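The block underneath contains the structure these notes are about, expressed in structure tokens.
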Number of protein chains: 2
Amino acid sequence: MRTFIVLGHRAALTPDFTLNDLPGSAGRLDILCRCVTSAFCLSHGIRRDVMVYLILQNQLMIRLEGARLKHLNPDERSTGALLQKALLAHQEHPESEIESTPGIFISKGALPDGLARVKEKETVYVLHEEGRPIGEIALPQEVAFVLSDHCNFQPDEEALLKDYSRLSLGPRSLHADHCITIVHNQLDRAQFANRTLLV
Amino acid sequence: MRTFIVLGHRAALTPDFTLNDLPGSAGRLDILCRCVTSAFCLSHGIRRDVMVYLILQNQLMIRLEGARLKHLNPDERSTGALLQKALLAHQEHPESEIESTPGIFISKGALPDGLARVKEKETVYVLHEEGRPIGEIALPQEVAFVLSDHCNFQPDEEALLKDYSRLSLGPRSLHADHCITIVHNQLDRAQFANRTLLV
């Protein structure tokens, strides 16, 4: 499993935004939509071995499960509509986790909840410009990455993440969705090379 | 200079589409919008040393010049609006190249025109799943990449591209914008490593 925990520091907590303005009215939800596309979308298919946790303002958690995911298209607007549906479902059922569309679950939740879900089974890394170059590491199969939207990690998040290794993807400061694309490619190439060696 | 020539096989040739449906009414213009974002957008800035040629149905060419580019935001819809403005400007001035907004130029043009603009100064590669792994090549500074949207290269395009080397980015079939992100990362890392070696 490959997991991405993405922190959306200003992302909308309620569905009352317009899909015509994801960056503004939805608090840069466009970034999270692109992260979802990068995490799941192949040229003609969905990566089923992926899980994404979107943490909205450290209050809500939207979990996208590749194995069950349906109706996901690569464009931002249709992904925004799926996330909007999740927020609406949460508004109607705020007390428990609910599956708003196949493979998309929403509940109350913050970064510690996301970490608690992954840290027993997966090795957790933090994507950070000041980390160790990702190419120097032999990444495990079961792996989770924490990354932030356009905002830096906040002090309380830094404190929660301080014990995990930091990985850098290169010398330039990149958008979160571009980071996910590069991580996937790094893992794809490494796993393919390993398989080739084993044959 | 890094150049990307992206073939949009079904992309709209006129501005009469709605920004609410870039995948449908605009002929998968969403893909070209994401390619523009991947080509130019850093976390907090624009890559100025980049040129993008969008070839629409082998009839129109939209050229985006990093050094002059303004008003580009990372979300799909606002990029779609810039491309729509370009198509409108072309409709009003169909005979010559026109700069519709700073750094965005439109004119009649097909793949051979795009290639003619780059092939004297830049080494041209074709991004293709069956190519040589990109990691095996020492890429030059002045480099251009040709890639396709969600459609395969057509036979006439294959014929035009047959003399250029093909490069593959990994074992999975990826979206065009994800390919651009990976190419940039490959070049960023190689150039950084070279600079470090030279110090």
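FYI, it's all coordinate maths here, none of it is from the lab. Not measured: the values here are computed from a predicted model. Backbone-built Cβ (ideal geometry, glycine too); neighbour counts: all protein chains shown.
Mind checking whether some residue in region B:168-177 is part of a strand (DSSP E or B) and touching a Gly at 6+ places or on another chain (Cβ under 6 Å)? Show your work before the answer.
Our first condition is that a residue be part of a strand (DSSP E or B); within region B:168-177, this holds for B:168.
Remaining after also requiring touching a Gly at 6+ places or on another chain (Cβ under 6 Å): B:168.
Within region B:168-177 (the criterion being part of a strand (DSSP E or B) and touching a Gly at 6+ places or on another chain (Cβ under 6 Å)), the answer is yes, since at least one residue qualifies.
Return the residues of region B:110-155 that are in contact (Cβ under 8 Å) with a residue 60 or more places away in the chain, charged (D, E, K, R) and not in a loop (DSSP other than H, G, I, E, B); say none if nothing qualifies.
Once the filter is applied, which keeps residues that are in contact (Cβ under 8 Å) with a residue 60 or more places away in the chain, charged (D, E, K, R) and not in a loop (DSSP other than H, G, I, E, B), region B:110-155 yields only B:Arg117.
Kindly check whether there is at least one residue in region B:72-95 that is of a type in the set (Asp, Glu), closer than 30 Å to B:Gln191 by Cα and either buried (at least 22 other Cβ atoms within 10 Å of the Cβ) or touching a residue at least 24 places away in the same chain (Cβ under 8 Å) (or both).
Within region B:72-95, one or more residues are of a type in the set (Asp, Glu), closer than 30 Å to B:Gln191 by Cα and either buried (at least 22 other Cβ atoms within 10 Å of the Cβ) or touching a residue at least 24 places away in the same chain (Cβ under 8 Å) (or both).
I'd like the full set of residues that are more than 14 Å from the chain's Cα centre (by Cα) and in a helix (DSSP H, G or I), limited to region B:1-51.
B:Leu19, B:Asn20, B:Asp21, listed by residue number.
In region B:148-160, which residues are more than 16 Å from the chain's Cα centre (by Cα) and closer than 24 Å to B:Val50 by Cα?
B:Leu160
Can you pull out every residue in region B:132-142 that is within 14 Å of another protein chain (Cβ to nearest Cβ) and either of a type outside the set (A, V, I, L, M, F, W, C) or in contact with a Pro (Cβ under 9 Å, 6 or more places away or on another chain) (or both)?
Listed by number, the residues that qualify are B:Arg132, B:Pro133, B:Gly135, B:Glu136.
Working only within region A:32-61, note down all residues that are within 14 Å of chain B (Cβ to nearest Cβ), touching a residue at least 60 places away in the same chain (Cβ under 8 Å) and of a type outside the set (Lys, Arg). Spell out how you get there, then give the answer.
Applying the first criterion (within 14 Å of chain B (Cβ to nearest Cβ)) to region A:32-61 yields A:32-50.
Applying the additional criterion that residues be touching a residue at least 60 places away in the same chain (Cβ under 8 Å) yields A:32, A:34-35, A:37-39, A:47.
Matches in region A:32-61: A:Leu32, A:Cys35, A:Thr37, A:Ser38, A:Ala39.
Checking A:Leu88 against (1) outside any strand (DSSP E or B); (2) away from chain B (no Cβ under 13 Å); (3) touching a Ser or Thr at 6+ places or on another chain (Cβ under 9 Å); (4) more than 22 Å from A:Leu56 (Cα to Cα), which test does it fail?
Of the numbered conditions (1) outside any strand (DSSP E or B); (2) away from chain B (no Cβ under 13 Å); (3) touching a Ser or Thr at 6+ places or on another chain (Cβ under 9 Å); (4) more than 22 Å from A:Leu56 (Cα to Cα), the odd one out for A:Leu88 is (4).
Filter region A:166-177 down to the residues that are of a type in the set (A, V, I, L, M) and within 9 Å of chain B (Cβ to nearest Cβ), then identify the one that is farthest from A:Arg10 (Cα to Cα). Walk me through how you get there before you give the answer.
First pass over region A:166-177, keeping only residues of a type in the set (A, V, I, L, M): A:167, A:169, A:174, A:176.
Now narrow it down to the ones that are within 9 Å of chain B (Cβ to nearest Cβ): A:169, A:174, A:176.
Details: A:Leu169: 24, A:Leu174: 19, A:Ala176: 15 Å.
Within region A:166-177, the match that is farthest from A:Arg10 (Cα to Cα) is A:Leu169.
Within region A:17-31, can one find any residue that is among the aromatic types (Phe, Trp, Tyr) and more than 14 Å from every other protein chain (Cβ to nearest Cβ)?
No; the residues of region A:17-31 include none that is among the aromatic types (Phe, Trp, Tyr) and more than 14 Å from every other protein chain (Cβ to nearest Cβ).
Assuming A:Ser148 fulfils every condition listed in (1) surrounded by fewer than 19 Cβ atoms within 10 Å (Cβ to Cβ); (2) more than 9 Å from chain B (Cβ to nearest Cβ); (3) closer than 25 Å to A:Val36 by Cβ apart from one, which condition is it?
(1)
What are the residues in region B:169-178 that are within 18 Å of B:Ala39 (Cα to Cα) and in contact (Cβ under 8 Å) with a residue 24 or more places away in the chain, if any? Can you show your working first?
First, pick out the residues of region B:169-178 that are within 18 Å of B:Ala39 (Cα to Cα): B:169, B:174-178.
Matches in region B:169-178: B:Leu169, B:His175, B:Ala176, B:Asp177, B:His178.
Whether any residue in region B:15-37 is buried (at least 22 other Cβ atoms within 10 Å of the Cβ), in contact with a Pro (Cβ under 7 Å, 6 or more places away or on another chain) and within 24 Å of B:Leu127 (Cα to Cα) is what I want to check. Steps first, please.
If we filter region B:15-37 for residues that are buried (at least 22 other Cβ atoms within 10 Å of the Cβ), which is where we start, we get B:22, B:26, B:29-37.
Then keep just the ones that are in contact with a Pro (Cβ under 7 Å, 6 or more places away or on another chain); that gives B:30, B:37.
If we keep only those that are within 24 Å of B:Leu127 (Cα to Cα) as well, we get B:30, B:37.
Checking region B:15-37: at least one residue is buried (at least 22 other Cβ atoms within 10 Å of the Cβ), in contact with a Pro (Cβ under 7 Å, 6 or more places away or on another chain) and within 24 Å of B:Leu127 (Cα to Cα).
Results for (1) surrounded by fewer than 22 Cβ atoms within 10 Å (Cβ to Cβ); (2) closer than 14 Å to A:Val124 by Cα; (3) of a type in the set (Phe, Trp, Tyr); (4) away from chain B (no Cβ under 14 Å), shown as yes or no for each residue.
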| residue | (1), (2), (3), (4) |
| --- | --- |
| A:Ala144 | no, yes, no, yes |
| A:Phe153 | yes, no, yes, no |
| A:Leu160 | yes, yes, no, yes |
| A:Tyr164 | yes, yes, yes, yes |
| A:Cys179 | no, no, no, no |
| A:Gln191 | yes, no, no, no |
